[in-house]
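Let me begin by presenting the structure, written as structure tokens, before commenting on it.
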Amino acid sequence: TGTTLSSGPFEGGRDDDFPTNAPGDAEDLRLGRFLATGRVAHCAKTHFLAGDERTERPHLRLLYAWRDPRDVVLSTCWYALAGPAADAFAGMSQERAFAAVTSMVLPPLAASLRAAVDAPPGTLLVGYAALIDAPIRQVERVAEHLGIDLPRGFAAATAAGLRFQREAGRSPGVEDRSSYHRKGVVGGWSEDLPVDQQEAIAQVLPDLEELLAALRARSG
């Protein structure tokens with residue numbers, strides 16, 4: 001859930017020293033705080049949009065990859081309970097742990113999705129489902145948005161190199177809850193997301209289906 005900086009033009013550098021995961025660091029403020037520093041970077045990556053990233057930087061090109069929040073909550077809950085952060089939930093029942101993770105993730109996630117729908121034209125939206133269904137086209141869209149001319153065959157090679165099976169060492173649908181690449185499927189929430197979490201999402205996003213439709217329309 002951190003903010004990552006790739007410093008310099010294609011240098012592949014990484015700098016996690018500005019807003020970190022420190023307690024009290026509001027996730028939806030991270031990108032704005034970084035932009036306010038005036039530091040030069042090729043790419044600033046954040047999990048959350050605040051809605052005002054381009055207020056004083058109209059030239060800034062943004063990329064936002066979005067996913068159905070129900071899948072996000074499910075994936076985050078299992079990763080939190082079975083992955084590196086598992087110790088933070090030791091002693092909690094699964095129900096209580098899921099509720100705790102949902103309460104942390106859902107507010108900034110909901111705000112980000114709404115900000116994405118209303119983002120300026122210079123913001124490219126990429127849907128998680130599209131990355132699964134049409135990865136080559138999504139690589140091409142990102143390159144077009146950033147003004148990068150790709151060598152022939154680059155998009156296809158990138159899509160093949162980053163497919164779930166290669167990254168996870170498993171076929172899509174084969175689950176490992178402790179892995180960052182947990183399952184590699186779309187819509188798993190409909191079978192596995194507890195009702196309590198579904199209801200929590202519905203309370204925060206009562207217009208979820210309309211919101212998802214608007215995000216798909218903006219994602220091309």
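As a calculated quantity, the FRET efficiency between Arg177 and Glu199 at R0 = 30 Å, using C-beta atoms, amounts to about 0.85. Sorting the segments 160-172, 180-192 by their residues' average number of neighbouring beta-carbon atoms within 10 angstrom, most packed first, yields 180-192, 160-172.
3J(HN,Hα) couplings calculated from phi for region 86-91 with the Karplus curve 6.51 cos²θ - 1.76 cosθ + 1.60 (θ = phi - 60°) are, in sequence order, 4, 4, 5, 10, 4, x Hz; Gly and Pro show x. Proximity of backbone amide H atoms, modeled 1.01 Å from N, is registered between Leu124 and Leu62, Leu63, Tyr64 at under 5 Å, excluding neighbours fewer than 5 places apart on the same chain. Give me log10 I(q)/I(0) at q = 0.11, 0.23 Å⁻¹ for region 126-220, Debye formula, one equal scatterer per alpha-carbon, no solvent. Results for region 126-220 at q = 0.11, 0.23 Å⁻¹ read -0.46, -1.19. Would you mind classifying region 63-123 by shape? Square roots of the alpha carbon gyration tensor eigenvalues, ordered a ≥ b ≥ c; an a/c under 1.5 is rounded, otherwise it is prolate if a/b is larger than b/c and oblate if not. Note, shape of region 63-123 comes out prolate.
Residues in region 178-192 carry Karplus couplings, in order, of 8, 9, 4, 9, 6, 9, x, 10, 9, x, x, 4, 5, 9, 10 Hz; the curve used is 6.51 cos²θ - 1.76 cosθ + 1.60 with θ = phi - 60°, and Gly or Pro positions show x.
Accessible area per residue (1.4 Å probe, heavy atoms of protein chains only) ranks Glu209, Glu140 as Glu209, Glu140, with the largest value leading.
State the extension gain, in nm to one decimal, for the chain segment bounded by Ser103 and Glu191, taking 0.36 nm per residue of separation less the distance between their alpha-carbons.
29.6 nm
Phi angles of region 101-115 translate, via the Karplus equation with coefficients 6.51, -1.76, 1.60 and θ = phi - 60°, into HN-Hα couplings of 5, 4, 5, 7, 7, 5, x, x, 5, 4, 5, 5, 5, 5, 5 Hz per residue; Gly and Pro are given as x.
Ranked by the mean number of other Cβ atoms within 10 Å per residue, highest first, peptides 197-208, 115-126 order as 115-126, 197-208.
Kindly identify region 148-200 as rounded, prolate or oblate by the Cα gyration tensor criterion: order the square roots of the eigenvalues as a ≥ b ≥ c, call it rounded if a/c is under 1.5, otherwise compare a/b with b/c, prolate if a/b is larger, else oblate. Because a/c hits 1.5 or more and a/b exceeds b/c, region 148-200 counts as prolate. With the simple model of a label 7 Å out from the Cα in the direction of the Cβ, Phe154 to Met92 spans 4.3 nm.
The values are calculated or read from the model by the stated rules, or taken from the named source; none is laboratory data. All figures in this text were calculated on a predicted structure; none of them were measured in a lab. Positions of Cβ are backbone-derived with ideal geometry, glycine not excepted, and every protein chain shown enters the neighbour counts. These accessible areas exclude ligands, DNA and RNA; they are computed on the full protein's heavy atoms, side chains included. Shrake-Rupley method; radii C 1.70, N 1.55, O 1.52, S 1.80 Å.
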